[in-house]
Amino acid sequence: MSRFQIGPYELPNRLFVAPMAGVTDRPFRQLCRRLGAGYAVSEMVTSRKELWHTLKTSRRADHTGEAAPIAVQIAGTDPAMMAEATAYNIDRGAQIIDINMGCPAKKVCNVFAGSALMRNEPLALAIVEAVVAQAAPRGVPVTLKMRTGWCDTERNALTLARAAEGAGIAMLTVHGRTREQGYKGAAEYDTIAAVKAAVRVPVVANGDIDSPAKAQAVLAHTQADALMIGRAAQGRPWIFREIAHYLATGELLPPPPTREVKQWLVEHLHEHYALYGEYLGVRTARKHIGWAVRALPGGEAFRAVMNTLDSIDAQVAAVATFFDTLADTHRLLPQGLAANDDLLALEA
Ligand SMILES: Cc1cc2nc3c(=O)[nH]c(=O)nc-3n(C[C@H](O)[C@H](O)[C@H](O)COP(=O)(O)O)c2cc1C
């Protein structure tokens, strides 16, 4: 896919990693970029000032070694606080600010933040205006991520998209589900196509893209400028280069060599421990390892054992042995990828 521009930043391609709280930390974003993603938005940072000093927020705001542009997502319900969060993150290196109106979870988004904002159009617009007013004079583009609407009867993505464009948004991402749907049901792409047809700013299509063929179908249906992939990249970050290759050539890449997958995972784990330390790092790495092995022969049994290990050495050694053993019989990674439903079951 050809290059793509957000504000002054040129991206190597049009395949983006979706922001996923608790997943797309810096090590995972860097891994996805290395394996073909052209752009990665960081996990959401709250606009609640009292939380900015917490370790969790400061880890999220740690962009050491990350390639430009550094895109930080913010969430909140108060325009003035969102403006402050914008300034705070720009001061700490954010080069693009993404406003989250796409997240359905209360525990993640706080009571009325995220996609709930789509229900209150004047407030949503006031937030966009406040963030743009803060970011534009500093040359920082503002992007917006939203769902198709609040519920089936209130599918207002189009209205909001037009208003946000008028307020100076540089790019719009639409996840093809309503807030009410959460992650259930299938994403629909008609609303994304309608938004794309209605605005001039680039539109990114998101939701249920889990294969090169699906990527091509979503592009064709929506005419979107770029694609954003979330859950399908969990445990399979090379999906970006698989999609890029397919879109460029019409051919599917063979699965990656098992030993290469091991290498990527072990390197990812070391980056992960470096950010979180041993105690938290080993525990939070379990989900990444679980995603990586879930569809592999012996993966479930391995996961159960791996979850009982609590040191870096033991965890890395177990992962290395699992993949080395698999590589003895499977030079290329065995296929049989779980569907998104399985991914959701894992998240629950
Ligand atoms: C674990 C998890 C965390 C998420 N966190 C965020 C978030 O912080 N901000 C956001 O805008 N969307 C968040 N999302 C939504 C994703 O960015 C994306 O819109 C959604 O998963 C649909 O894309 P997919 O089908 O490719 O996964 C999250 C999704 C998941 C599964």
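The values are calculated or read from the model by the stated rules, or taken from the named source; none is laboratory data. For clarity, every value in this text was computed on a predicted model and none was experimentally measured. Glycine also receives a Cβ, built like all others from the backbone with ideal geometry; neighbour counts cover every protein chain displayed. For the accessible areas, the whole protein counts, side chains as well, though only heavy atoms, and no ligand, DNA or RNA atoms are used. Shrake-Rupley method; radii C 1.70, N 1.55, O 1.52, S 1.80 Å.
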Residue-by-residue Karplus 3J(HN,Hα) for segment 150-167, coefficients 6.51, -1.76, 1.60, Hz, glycine and proline x: 7, 8, 4, 8, 10, 9, 9, 4, 5, 4, 5, 4, 4, 5, 5, 4, x, 8
Once the Cα atoms of the chain are picked out, what are the Rg and Dmax in Å? 19.7, 60
Which FRET efficiency, nearest 0.05, do K214 and T308 yield, Cβ-Cβ r, R0 41 Å? 0.70
Which percent of the accessible area of the chain is formed by carbon and sulfur heavy atoms (probe 1.4 angstrom)? 54
Asserting the computed 222 nm helical MRE of the chain (DSSP H runs at least 4 long, -39500 (n - 2.57) per run, divided by residue count, to nearest 500) equals -14000 deg cm²/dmol
Rounded to 0.05, the calculated FRET efficiency for the beta carbons of L332 and A136 at R₀ = 56 Å is 0.70
Heavy-atom surface of the chain, accessible at 1.4 Å and reported per residue (Å²): 41
Counting Lys and Arg as +1 and Asp and Glu as -1, what is the net charge of the other residues whose Cβ lies under 10 Å from the Cβ of F240? +3
In nm, to one decimal, how far is the T64 label point from the R259 one, both placed 7 Å along Cα→Cβ? 3.2
Simple spin-label model, 7 Å along Cα-to-Cβ: Y279 to L51 in nm? 2.2
Multiply the residue separation of V266 and R3 by 0.36 nm, subtract the distance between their alpha-carbon atoms, and state the gained length in nm to one decimal. 91.6 nm
Just want to confirm a number: the relative contact order over segment 212-331, from Cα pairs under 8 angstrom separated by 6+ residues, in percent. 27
